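The values are calculated or read from the model by the stated rules, or taken from the named source; none is laboratory data. Remember, it's a predicted structure, so these values are computed and weren't measured experimentally. Glycine gets a Cβ as well: all are built from the backbone with ideal geometry, and neighbour counts include every protein chain shown. Remember, those area values only see protein heavy atoms, side chains included, never the ligands or the DNA or RNA. Shrake-Rupley method; radii C 1.70, N 1.55, O 1.52, S 1.80 Å.
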Amino acid sequence: MSAKVSKHLRRQRRARKKAIRQQDRYGSPVQSQPRHSSPESAEQPTVRAQAVRTSAARTSTAARIAAVLAGCCLIGAAGGSAAFHLSDTQAADPLRVPANYVVAPPVADRLVCPPTPGTPDSLGESGIMEYADRDESVQTSRDALLFASAWGVAPSAQWGTITQDGRGEQDRFQEETTPQSGSNSQLLADREPTLAESQDTDLPTVLEVQPLEGVAVDDAPAAAASFTYLAEDGPQSGLIASSCTPPQPSRWFLGPETASDSASLLTLTNPNSREATVTVSTYSPEGSTGGLGSTTLLVPADSVRTINMASLTEDASAMAVHVRSSGAPVASHLQTSRASGSGGQGTDMLPALAEPGTEHHLLAAPAGADEPPQLWIHTPGEQAGTVELQVFDSEGQVPIDTPGVFTVEEGAVTVVDIEGLEAGTYDVVVRTEAPSLAAVRSTDDGQPDDDAQQNDEAQDLSWSAAADAVQPGFGALLPPAGQTDMHLFGQGELTYRLLDTSGASSEDLTIEVEADRSTVISHGQLQDQAEAAGLDDVHSIVVTESAGEIRGGTISRDDEGRYSIGDLQTISPTAQYVPLRLQR
């Protein structure tokens, strides 16, 4: 921090203290300027981030101006390491003095991939766990997709493992590059991509992307990472295709398996330089499980801890899990599997849910002829209410035997079988009167039964979670194991591009999405589009334009009946604008 900025901040602090002393002495409130929800709406001079994109000197100057004039704060990876109190609402200031936007240093963007699913061999009270030997059939991959900045600068990036004792091996696969002449595009698909696979490991793995100085949010690099798991045998047999996620202070999960011969392990990875205190609370069909179903655990900096969910329940009832951390955000991954003896009957990495809502679009949920999918709902507040359930396929709304309207209790977990569906893959829409969390559990891949092979088909399970409305910059990395179909639901027009494993891209591909029916782009269609574009294969999908309101999901299947459900998610920019409120 420069001497001028330090001097200015000292003057601000002295002015605040003087104002507070006057308020206490005379009992008259200090008049403050109106608070603003964002730098752009503040009635004060601001500095645009794009003015600081070319040199360190200009960056330093703009940073001093932004601090003095209370302008924008640009911080990389909002879910990462900067220990600030963030607020979406403007609460009353207890000191009755105006709030300011302060310049914060950029930090590395981190996406955390889960450990390889396994069976616990030993687990201590402090969360230190040893795994039993995993089956020889287990195959895993962790893949990254990075896009350079709008000015053609690729960031420094590395893969690294995290152990229970600290950071493990680090593999820097890219150094920061210089700007490329003629490169200037805010559209991700027009930028130079980098594809990188991590080293083979069973440990939690972190994709760490270093920030670029003086780059506006819209111009910043962007990154996504995925985790793929395939096991043909063993207690954790099945297919998993999931996204690697940034650390967050709060996450929900629905549906860890708790019956005998099942395993549900919650992994808490802290890639930050300070420790985190994590509280895990559980809920059942009767509501909160209280102290018997909750625990608090300290996760040291740069380390991982594990909780066996069987220790938080006394029966096999339906469960919702809330993970909250303070001190530092953590990446939460909940592995769940079911088995019969030594043979596995499916495994999944449960989708992490953010906050309760009143409308949920649960895409690509398969149903078997004799195994209906289950709708799970949890209403975490103190309000009960009605639920409206609708199911759609490519022809429109599908009639079901389950009541389309029913009631749920406050604080409880409710499980409803969606009866009356033929074998197939469906999109489910749920609307609730009270804010809720929702997901669909499937135990069949939804493919028509072949009598000759029905008994030989592998068993698996997977979950469909609420999908966000797709925007430009959304995408998905397709798993190398399995064949992936893309499901779209809503109304409008979606434009996307395909990338192959060499980084080559197709031209824009556009599809019309009709209202109230599923739109499916099959694996075969994606392959045909890639071949027509001269691509070797299909590594990932990147959305370039979205008109209307459309949600996207994926389902990946192998030839033996294993499957995994995913969705189209934002490819995270490595910098964001963050509102900062300092409170005494």
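Keeping the other protein chains in place, figure out the carbon and sulfur percent of the accessible area of region 356-467, with a 1.4 Å probe.
Answer for region 356-467: carbon and sulfur cover 39 percent of the accessible area.
Using a 1.4 angstrom probe on the protein heavy atoms only, could you order Trp151, Trp159, Trp376 from most to least accessible area?
These residues rank, largest area first, as Trp151, Trp376, Trp159.
5 Å is the cut-off here: which amide hydrogens, built 1.01 Å from N in the peptide plane, fall below it relative to Thr402, excluding neighbours closer than 5 in sequence?
When sequence neighbours closer than 5 places are left aside, the close amide H contacts are Glu419.
Once you have a ≥ b ≥ c as the square roots of the Cα gyration tensor eigenvalues for region 428-521, tell me rounded if a/c is under 1.5, and otherwise prolate or oblate according to whether a/b is larger than b/c.
Since a/c reaches 1.5 but b/c is at least a/b, the shape of region 428-521 is classed as oblate.
Taking 51 Å as R0, compute the FRET efficiency from the Cβ-Cβ separation of Glu286 and Glu169 and round it to 0.05.
My answer for the efficiency is 0.65.
Nothing charged except the Cβ atoms of Lys and Arg (+1) and of Asp and Glu (-1): what's the magnitude of the dipole of region 246-351 about its Cα centre? Round to the nearest 20 debye.
320
Quick check: Cα centre of region 215-248 to Cα centre of region 350-365, how many Å?
17
Residue-wise, which Karplus ³J(HN,Hα) couplings in Hz belong to region 462-469, taking 6.51 cos²θ - 1.76 cosθ + 1.60, θ = phi - 60°, and x for glycine or proline?
So the Karplus estimates, Gly and Pro as x, are 7, 10, 10, 10, 4, 9, 7, 5 Hz.
Pairwise over distinct Cα atoms, reciprocal of the mean inverse distance: report the Kirkwood radius of region 376-429 in Å, one decimal place.
12.3
Quick check for you: with a 1.4 Å probe and neighbouring chains kept, what is the accessible area per residue of region 356-467, in Å²? All intermediate terms of the calculation are to be shown ahead of the outcome.
Numbers: 4700 Å² over 112 residues.
Spelled out: the 1.4 Å probe surface of region 356-467, per residue, equals 42 Å².
Choose one of Gln186, Val215, Thr205: the residue whose Cα lies farthest towards the positive end of the charge dipole of region 171-228 (beta-carbon charges +1 Lys, Arg; -1 Asp, Glu; about the Cα centre).
Sorting the options by dipole projection puts first Gln186.
Let me check something: with ligands and nucleic acids excluded, how do Phe406, Phe147, Phe173 order by accessible area (1.4 Å probe), largest to smallest?
The ranking, largest first, comes out as Phe173, Phe406, Phe147.
Taking all protein chains as present, what is the carbon and sulfur share of the accessible area of region 246-351, in % to the nearest whole number, probe 1.4 Å?
Numbers: 1650 of 3530 Å².
Whole-percent figure for carbon plus sulfur exposure: 47.
Any chance you could list the semi-axes, whole Å, largest first, of the equivalent ellipsoid that the Cα gyration tensor gives for region 319-366, using √(5λ)?
Taking √(5λ) for each Cα gyration eigenvalue gives 26, 19, 9 Å.
Shape verdict for region 276-336, please, from the Cα gyration tensor: rounded (a/c under 1.5), prolate (a/b greater than b/c) or oblate.
prolate
How big is the C-alpha Rg of region 246-351 next to the rule-of-thumb value 2.2 N^0.38 Å, as a ratio?
Relative to the rule-of-thumb radius for its length, region 246-351 sits at 1.07.
Please work out the ratio of the alpha-carbon Rg of region 102-241 to 2.2 N^0.38 Å and round it to two decimals.
Scaled against compact globular proteins, the figure is 1.26.
I'd like to compare 114-120, 219-225, 491-497: which one has the highest average count of other Cβ atoms within 10 Å, and what's the full order after that?
Values: 114-120: 22.0, 219-225: 25.4, 491-497: 19.0.
The packing order, highest mean first, is 219-225, 114-120, 491-497.
For region 359-470, rounded, prolate or oblate, judged on the Cα gyration tensor with a ≥ b ≥ c (square roots of eigenvalues), a/c < 1.5 rounded, else prolate if a/b > b/c?
prolate
Normalised by the number of residues in region 356-467, what is the relative contact order in percent for Cα pairs under 8 Å and 6+ residues apart?
42
In whole Hz, what ³J(HN,Hα) sequence does region 315-327 give by Karplus (6.51, -1.76, 1.60; θ = phi - 60°), x for Gly and Pro?
9, 9, 6, 4, 9, 10, 10, 10, 10, 10, 10, 10, x
Which value results for Rg/Rh of region 489-582 when Rg is the Cα radius of gyration and Rh the Kirkwood radius based on the inverse mean 1/r?
The Rg/Rh ratio comes out at 1.05.
Which of the chymotrypsin sites (Phe, Trp or Tyr not before Pro) across region 229-311 are loop residues per DSSP, with 12 or fewer other Cβ within 10 Å?
Details: sites: Tyr229, Trp252, Phe253, Tyr283; in loops: none.
Loop-located and lightly packed - none at all.
Roughly how many whole Å is it from the C-alpha centroid of region 491-519 to that of region 116-156?
For region 491-519 versus region 116-156, the Cα centre distance is 29 Å.
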